[in-house]
Amino acid sequence: MRISVILAAGVALLAACSQSAIRETPSGFKFTVVKEGTGETARPTQYVVFNFRVTDSQDSMWIDTYDRGYPEFARIQDSSAIDHEDGITQMLRMLSKGDSVTFSLTLTELFHEFARQPVPPHLDSSLVVTYAISIRDVVKQEDFAAYQNQVEQEYYEFMNRNATEQLGKDTVAIDSFLAERNIVAQKLPSGIRYVIHKQGSGPLAQPGQAVLVDYAGYLLDGTYFDTSDKATAQAKGLFDARRDAQNGYQPYEVVIDQSSVIEGWHEALKQLNEGAEGTFYIPSGLAYGPQAFSGIKANSILVFDLKMVDIK
């Protein structure tokens with residue numbers, strides 16, 4: 001495992017612990033043990049399986065593998081590698097199943113001492129990130145493949161269960177939104193609701209066809225986050241002069257069921273023919289799901305006004 005995976009994120013501030021629980025790695029990296037586990041520490045070739053949370057000093061959550069439903073794995077190297085390892089890697093050698101630890105770093109320490117690069121300019125270097133790590137298991141090398149397969153199966157079950165629950169919540173939210181506004185919408189089995197405002201001509205767009213579409217995307221609360229239309233961008237406070245200079249406000253080309261756009265778009269575009277216009281209410285699972293994206297919160301329902309400009 002690349003330890004940079006956990007260094008690139010960050011973890012939840014735990015309750016203060018006594019000074020007697022502070023431990024130190026050979027390189028001088030200090031961490032606090034908040035709960036003692038059982039069993040032996042990991043040996044070379046064995047894998048440490050752990051979950052972690054990271055928050056910053058402004059109470060923002062950076063990452064949470066518990067919520068993600070999938071732990072991290074770190075393979076312990078031969079003891080000859082210790083002198084060349086960073087403090088976090090050394091720390092993992094010192095932990096056993098059931099251990100819970102916490103440590104804090106400034107962003108300057110995190111990037112300079114561990115990531116070996118400057119703090120990105122868009123981040124506040126004075127922030128402090130706090131990691132809380134719990135050791136789920138220590139696994140022998142010969143057992144690791146079977147263990148990882150089990151974890152992946154649990155992860156898929158976790159994701160499917162969460163997706164089903166979230167779709168139910170999203171469906172209720174969308175239908176309530178429409179009912180409150182007396183909007184009569186058509187329904188797709190996936191949970192998408194849509195209203196066709198203008199009928200087009202010719203057959204509906206089909207999988208594999210390239211289409212040009214004008215769009216405006218917003219949340220149920222009316223907050224706009226993107227559009228291909230310059231006038232809409234100006235009206236909604238989204239206008240970007242650099243994008244305009246690069247002729248970025250124009251219909252967007254999509255190859256249906258092939259282009260890298262959200263799944264909800266592919267379904268929506270197949271409900272339109274050339275010249276048609278409609279509004280589509282897309283459940284979060286067909287958008288960005290549990291991941292936040294460009295200012296859009298996790299599990300956000302997205303609304304898109306779409307206009308089919310051309311079907312090639």
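The values are calculated or read from the model by the stated rules, or taken from the named source; none is laboratory data. Quick caveat, the model's predicted, so the values are computed rather than measured. We place every Cβ from the backbone using ideal geometry, glycine too, and count neighbours over all the protein chains shown.
So that you can scan it fast, the table gives a plain yes or no per residue for (1) at negative phi; (2) among the hydroxyl-bearing types (Ser, Thr, Tyr); (3) assigned to a loop (DSSP other than H, G, I, E, B):
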| position | (1), (2), (3) |
| --- | --- |
| Ala145 | yes, no, no |
| Asn149 | yes, no, no |
| Tyr155 | yes, yes, no |
| Arg161 | yes, no, no |
| Thr171 | yes, yes, no |
| Ser176 | yes, yes, no |
| Ile183 | yes, no, yes |
| Gly191 | no, no, yes |
| Pro207 | yes, no, yes |
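Residues are listed down the side, and each one gets a yes or a no for (1) over 24 Å from Gln166 (Cβ atoms); (2) touching a Gly at 6+ places or on another chain (Cβ under 6 Å); (3) in a loop (DSSP other than H, G, I, E, B); (4) in contact (Cβ under 8 Å) with a residue 40 or more places away in the chain:
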| position | (1), (2), (3), (4) |
| --- | --- |
| Phe280 | no, no, no, yes |
| Gly285 | no, no, no, yes |
| Tyr288 | no, no, yes, no |
| Gln291 | no, no, yes, no |
| Ser300 | no, no, yes, yes |
| Phe304 | no, yes, no, yes |
| Asp310 | yes, no, no, yes |
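For every residue, the table says whether it meets (1) of a type in the set (A, V, I, L, M); (2) over 30 Å from Ile76 (Cβ atoms); (3) under 27 Å from the mean Cα position of the chain (by Cα).
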{"residue": "Tyr147", "(1), (2), (3)": "no, no, yes"}
{"residue": "Leu167", "(1), (2), (3)": "yes, yes, yes"}
{"residue": "Asp170", "(1), (2), (3)": "no, yes, yes"}
{"residue": "Val211", "(1), (2), (3)": "yes, yes, no"}
### Query
Which condition breaks for Glu152 when tested against (1) assigned by TED's automatic domain parsing to the domain that holds Ala21; (2) closer than 27 Å to Pro290 by Cβ; (3) surrounded by fewer than 19 Cβ atoms within 10 Å (Cβ to Cβ)?
(1)
### Query
If you go through the stretch 98-125 one residue at a time, how many are among the charged types (D, E, K, R) and surrounded by 19 or more Cβ atoms within 10 Å (Cβ to Cβ)?
1
### Query
Among the residues of the stretch 94-127, how many are touching a residue at least 60 places away in the same chain (Cβ under 8 Å), of a type in the set (Phe, Trp, Tyr) and assigned to a helix (DSSP H, G or I)?
1
### Query
Of all residues in the stretch 26-35, how many are outside any strand (DSSP E or B) and either surrounded by 18 or more Cβ atoms within 10 Å (Cβ to Cβ) or out of contact with any helix residue (DSSP H, G or I) (no Cβ under 9 Å at 6 or more places or on another chain) (or both)?
1
### Query
Can you find even one residue in the stretch 79-93 that is closer than 30 Å to Gln166 by Cα, modelled with pLDDT of 90 or more and not in a loop (DSSP other than H, G, I, E, B)?
no
### Query
Residue check, Arg53 against (1) out of contact with any Pro (no Cβ under 8 Å at 6 or more places or on another chain); (2) surrounded by 13 or more Cβ atoms within 10 Å (Cβ to Cβ); (3) assigned to a loop (DSSP other than H, G, I, E, B), all met but one. Which one?
(3)
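Given the residues Ile256, Ile301, which is the only one that is outside the structural domain of Arg68 (by TED's automatic domain parsing), in contact with a His (Cβ under 6 Å, 6 or more places away or on another chain) and at pLDDT 95 or above?
Ile256
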### Task
Look through the stretch 213-252, keep the residues that are within 25 Å of the chain's Cα centre (by Cα) and among the hydrophobic types (A, V, I, L, M, F, W, C), and return whichever of them is nearest to Phe177 (Cα to Cα).
Leu220
